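Enquirer: The following block contains the structure, expressed as structure tokens.
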Amino acid sequence: MRSEYPEFAKRGAVILNLGPDSAAHYRAYWNEHGMPFPGLADPDHRVAKLYQQPFRLLKLGRMPMQLVVDRASVIRYRHDGESMSDIPEGSELLAVLDGLAGG
């Protein structure tokens, strides 16, 4: 997502990364890696539970999940990863955004 961030920004999209780590850990990681979009620490899993993010104990916990939410707060795309590496390409998410803009 970081390398494609300019394309998301060009489309007016906002990226928010949600993770189970503490705010201090998140802040350190974000500063170290120069992430161009915000990260939200969710160590108590409150937000993850609201969006029903999949959790698999035998696969390291919370699975990756990507959402595209439109300006009316309607989820237009949802991908629930089956493993830690099951993450859609940025081009797939950009195509969803382009489809929303066109229709």
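Enquirer: What is the number of the single condition among (1) among the hydroxyl-bearing types (S, T, Y); (2) over 21 Å from F8 (Cβ atoms); (3) at pLDDT 85 or above that S83 does not meet?
Expert: Result: S83 passes all but (3).
Enquirer: Same structure again: Can you pull out the helices (runs of 4 or more DSSP H) entirely within the chain that have at least 1 residues that are at negative phi, surrounded by 14 or more Cβ atoms within 10 Å (Cβ to Cβ) and in contact (Cβ under 8 Å) with a residue 60 or more places away in the chain?
Expert: 5-10, 90-102
The values are calculated or read from the model by the stated rules, or taken from the named source; none is laboratory data. On a predicted model such as this, the values are computed, not experimentally measured, just so you know. So basically every Cβ, Gly included, is an ideal-geometry build from the backbone, and we count neighbours across all protein chains shown.
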